[in-house]
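Heads up, the thing below is written out as structure tokens.
The values are calculated or read from the model by the stated rules, or taken from the named source; none is laboratory data. All figures in this text were calculated on a predicted structure; none of them were measured in a lab. Cβ atoms come from the backbone with ideal geometry, glycine included; neighbour counts cover every protein chain shown.
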There are 2 protein chains.
Amino acid sequence: MNYEKMTREKLEQERVLLSEQFAHYQSQKLNLNMARGVPCPEQLDLSLGLNDAIQDPKDCFSENGTDCRTYAANIFTGVPELRQLFAEVFGVPEEYIIIGGNSSLNMIYDMVARMMLFGVPGGDGPWFGKKIKFLCPAPGYDRHFKILESFGIELVTVPMTKEGPDMDMVEDLVRDPAVRGLICVPKFSNPTGVVFSSEVVHRLAKMETAAADFRIIWDNAYAIHYVYQDVPLDDIFAVCRTYGHEDRVLYFASTSKITFPGAGIAFMAMDAVNRKWVMPALQTQTIGPDKMNQLRHLHFFRTPEAMYAHMARHAEIMRARFDVVNETFREGLTPYGIGDWGDPKGGYFFSLDLPDGCAQKTYELCHELGVNLTPSGATYPYGKDPRDCNLRIAPTYPTVQELKAAMEVLCICARLVYVNQLLETK
Amino acid sequence: MNYEKMTREKLEQERVLLSEQFAHYQSQKLNLNMARGVPCPEQLDLSLGLNDAIQDPKDCFSENGTDCRTYAANIFTGVPELRQLFAEVFGVPEEYIIIGGNSSLNMIYDMVARMMLFGVPGGDGPWFGKKIKFLCPAPGYDRHFKILESFGIELVTVPMTKEGPDMDMVEDLVRDPAVRGLICVPKFSNPTGVVFSSEVVHRLAKMETAAADFRIIWDNAYAIHYVYQDVPLDDIFAVCRTYGHEDRVLYFASTSKITFPGAGIAFMAMDAVNRKWVMPALQTQTIGPDKMNQLRHLHFFRTPEAMYAHMARHAEIMRARFDVVNETFREGLTPYGIGDWGDPKGGYFFSLDLPDGCAQKTYELCHELGVNLTPSGATYPYGKDPRDCNLRIAPTYPTVQELKAAMEVLCICARLVYVNQLLETK
């Protein structure tokens with residue numbers, strides 16, 4: 001059944017068959033959105049307890065007696081008990097943590113803006129007006145790329161392997177003094193689901209960079225977001241410390257995919273060198289983030305164990321969806337010799353590699369059938385997938401039934417596109 | 001009793017008397033903080049209803065059916081019903097409103113950062129690296145000045161009159177193309193309590209500026225914060241529209257002094273030209289602010305009338321404190337021919353003008369007695385009060401009894417400093 005080995009005649013029969021199936025789905029007028037990584041209502045319901053987590057006026061105070069209804073500037077970096085909880089759950093030193101508002105993306109944006117306007121410790125002043133390049137493991141997160149691009153930073157694509165970014169290439173590229181950083185999602189990566197291997201983390205930590213102010217934006221968005229099983233990620237601060245490069249790390253995370261995506265708590269973490277740089281600017285920018293929402297999260301969870309139990313409930317809901325994608329692809333793509341979607345154990349996405357030149361056309365056909373995927377190319381810098389082969393699938397929002405239909409549509413479309421391509425080139 | 005007209009002998013007697021009173025307060029070991037404008041617990045209690053404003057899962061949805069627990073990017077500029085409420089209460093067009101996080105100061109900071117990095121419509125590109133000046137009516141808000149200063153913008157002091165900034169000077173200064181803006185609190189100004197007169201608003205709106213990208217940062221922080229009576233402020237958008245200068249206005253406000261200072265809702269408002277400029281950058285910066293907190297505020301207030309009633313309760317609490325300041329100053333300063341504190345009808349502060357050269361020493365003596373005021377000079381650009389005469393008093397946080405003691409201390413200290421000054425120069 002492998003399409004590549006099929007005769008022209010067989011392929012033409014296959015095309016007729018697939019076109020019939022396409023017409024069948026056309027008549028169904030589907031309208032399914034799998035473009036963004038959004039939890040389903042069932043997942044949101046898991047956190048409804050946030051709404052009454054603060055029941056008593058005394059719940060408005062942190063343990064040290066701070067009234068969190070007011071500016072609470074004395075706990076600028078966050079409610080101490082919540083910093084402690086995050087430190088334990090995310091495995092970062094408590095004193096490194098600076099809690100922010102509802103969006104880690106916003107914190108990343110502000111960090112890059114700060115680099116542009118004020119420069120970075122160890123560097124030669126503001127980045128504004130200079131040629132600045134950032135390494136972008138891809139497929140990666142389109143919103144990361146968009147932030148860097150908006151500041152005029154040049155994006156350098158580095159291929160993702162099953163272990164993380166291609167480190168031979170990274171080590172080569174950082175010899176260029178214009179390369180000032182790397183941005184990544186190191187665990188259950190968006191969209192590949194890859195967890196950086198210990199070797200990758202060590203090489204990122206160890207490598208010498210031409211730029212003295214080189215920084216890694218370590219967006220650990222899916223730190224505790226396993227679906228099938230947890231895959232440990234090395235402690236980036238500890239490893240970098242070994243090589244004397246701890247100031248290289250700017251760590252970000254949030255509860256966006258733990259509690260409410262729009263109303264969670266984001267934080268960043270960094271060593272003393274970076275905190276000394278960031279804090280004065282941050283304290284000019286704001287009197288402080290919303291600490292009532294910090295208390296709300298604290299009272300809702302209380303303990304690391306409660307947070308892990310919560311994530312187990314998420315995983316159960318996610319697993320039903322991940323199973324559908326795995327099964328449908330295994331039945332609808334593998335037999336025809338197409339499709340590589342890795343083996344994600346957690347995170348929020350599937351990253352599907354089709355034969356070269358097939359991604360955009362597949363995206364378009366799916367769209368025609370009412371199945372909206374993340375636009376092809378979005379997972380690459382400047383929206384340009386060099387091989388036009390990658391599609392990101394965000395399977396969490398639809399129901400299991402809808403997802404099943406959508407994935408079947410995707411398989412039909414991908415096969416049709418590939419069959420057409422083979423017929424044209426044979 | 002007027003000190004200026006007193007004989008040396010009389011002044012020396014007065015000094016002995018004041019020194020005794022000073023020693024009396026010294027023995028009391030007071031510890032009172034009047035440094036920042038912070039509501040008292042009684043005021044915070046007025047908004048405790050926020051904590052259970054969302055009772056039912058269906059309360060998590062906006063009227064148009066958007067689930068606000070998730071990113072809700074379709075209502076990026078805010079929950080429509082809350083934008084409508086703010087439009088009515090603050091008197092700005094609904095479509096101008098972009099709701100943000102918990103801090104209007106943060107929105108102002110980000111706005112100035114945007115000006116530096118990307119430039120402003122009508123201008124010549126990014127402000128970064130250029131000589132940029134901002135007009136700063138003073139006494140003014142220290143955190144405003146600090147933001148501008150942190151970006152290397154030159155602060156140009158413009159004296160505040162009882163009507164607003166000295167407009168003759170403003171109209172003269174804006175002939176300098178390096179002057180790109182003005183920052184102000186137009187109503188119940190921080191700290192003078194002045195409300196910009198209709199003439200001032202019209203002259204700000206009408207004046208021709210050399211800079212084509214001139215902007216007014218209109219921080220209407222105390223729009224509905226009367227204490228004794230409301231004093232109307234002209235509609236800045238409407239007036240600017242008359243003169244074809246509507247794109248001059250960047251309007252900011254928040255509920256920080258309405259609900260919880262640390263956990264309120266901030267917004268900005270601007271015409272279509274500015275929205276077209278700001279929105280793409282904003283949508284790169286964040287997927288959106290916390291909309292659950294928007295719903296919480298919406299459900300807590302529901303109607304403009306409820307919001308006005310809420311402000312009346314604030315006013316009652318504030319009035320007791322404002323009365324104490326007025327009375328103590330009238331008894332403790334006026335008879336001696338010192339002290340001008342205007343006649344604030346609302347807002348959060350008193351701005352006390354002492355004889356030239358007396359502010360810093362008075363601040364220091366108060367500090368010695370455990371009464372902590374905003375540092376002298378803070379109300380001026382670069383923290384430098386040219387006449388060393390102004391002190392900002394934030395009377396809201398202490399109890400009425402504490403405030404009474406603190407204001408008596410202030411009067412004693414101010415008189416002692418002035419008596420010493422007269423004795424030295426006589």
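Of the residues in segment A:225-241, at least one is crowded, with 23+ Cβ neighbours inside 10 Å and within 30 Å of A:Asp52 (Cα to Cα). Looking at B:Pro280, B:Pro335, just one residue is surrounded by fewer than 19 Cβ atoms within 10 Å (Cβ to Cβ), out of contact with any Phe, Trp or Tyr (no Cβ under 9 Å at 6 or more places or on another chain) and either in contact (Cβ under 8 Å) with a residue 24 or more places away in the chain or closer than 27 Å to B:Gly49 by Cα (or both), and that residue is B:Pro335.
Okay, residues lined up against (1) in contact with a strand residue (DSSP E or B) (Cβ under 8 Å, 6 or more places away or on another chain); (2) more than 18 Å from A:Asn326 (Cα to Cα):
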| position | (1), (2) |
| --- | --- |
| A:Gly357 | no, yes |
| A:Tyr363 | yes, yes |
| A:His367 | yes, yes |
| A:Thr374 | yes, yes |
| A:Thr379 | yes, yes |
| A:Gly383 | no, yes |
| A:Ile393 | yes, no |
| A:Tyr397 | yes, no |
| A:Val400 | no, no |
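Just to be sure I understand, how many residues within segment A:79-116 are surrounded by 20 or more Cβ atoms within 10 Å (Cβ to Cβ) and within 12 Å of chain B (Cβ to nearest Cβ)? Total meeting the criteria: 17. Checked against (1) out of contact with any Leu (no Cβ under 7 Å at 6 or more places or on another chain); (2) of a type outside the set (A, V, I, L, M, F, W, C); (3) within 10 Å of chain A (Cβ to nearest Cβ), B:Thr70 meets all criteria but (1). Specify the residue that is surrounded by the most Cβ atoms within 10 Å (Cβ to Cβ); the eligible residues are those in segment B:28-47 that are at pLDDT below 95 and more than 10 Å from chain A (Cβ to nearest Cβ). Per the stated criteria, the residue is B:Met34.
Scanning segment A:391-408 for residues that are surrounded by fewer than 24 Cβ atoms within 10 Å (Cβ to Cβ), among the small types (Gly, Ala, Ser) and part of a helix (DSSP H, G or I) yields a count of 1. The set of residues from segment A:126-137 being in a loop (DSSP other than H, G, I, E, B) and either surrounded by 15 or more Cβ atoms within 10 Å (Cβ to Cβ) or more than 11 Å from chain B (Cβ to nearest Cβ) (or both) comprises A:Pro126, A:Trp127, A:Phe128, A:Lys130, A:Lys131, A:Ile132. Scanning segment A:223-235 turns up no residue that is under 16 Å from A:Met115 (Cα atoms) and touching a residue at least 12 places away in the same chain (Cβ under 8 Å). Between B:Gly193, B:Gly181, the distinction of being in a loop (DSSP other than H, G, I, E, B) and touching a residue at least 40 places away in the same chain (Cβ under 8 Å) belongs to B:Gly193 only. The set of residues from segment B:237-261 being over 21 Å from B:Tyr308 (Cα atoms) and outside any strand (DSSP E or B) comprises B:Phe237, B:Ala238, B:Val239, B:Cys240, B:Arg241, B:Thr242, B:Tyr243, B:Gly244, B:His245, B:Glu246, B:Asp247, B:Arg248. Residues in segment B:154-175 that are out of contact with any Pro (no Cβ under 6 Å at 6 or more places or on another chain), over 17 Å from B:Asn390 (Cα atoms) and either within 12 Å of chain A (Cβ to nearest Cβ) or part of a strand (DSSP E or B) (or both): B:Glu154, B:Val156.
Considering each of A:Leu18, A:Leu50 in turn, give the residue that is in contact (Cβ under 8 Å) with a residue 40 or more places away in the chain and away from every other protein chain (no Cβ under 14 Å).
Working: A:Leu50 fails: away from every other protein chain (no Cβ under 14 Å).
Result of the check over A:Leu18, A:Leu50: A:Leu18.
Output the residues belonging to segment B:170-189 that are buried (at least 23 other Cβ atoms within 10 Å of the Cβ) and out of contact with any helix residue (DSSP H, G or I) (no Cβ under 6 Å at 6 or more places or on another chain). Matches in segment B:170-189: B:Arg180, B:Gly181, B:Leu182, B:Cys184, B:Val185, B:Pro186, B:Lys187, B:Phe188, B:Ser189. Within segment A:370-390, being crowded, with 23+ Cβ neighbours inside 10 Å, of a type in the set (A, V, I, L, M, F, W, C) and assigned to a loop (DSSP other than H, G, I, E, B) holds for one residue alone: A:Ala378. Counting only helices (runs of 4 or more DSSP H) that sit wholly inside segment B:267-361, those with at least 2 residues that are modelled with pLDDT of 95 or more, within 30 Å of B:Asn372 (Cβ to Cβ) and away from chain A (no Cβ under 14 Å) are B:304-332.
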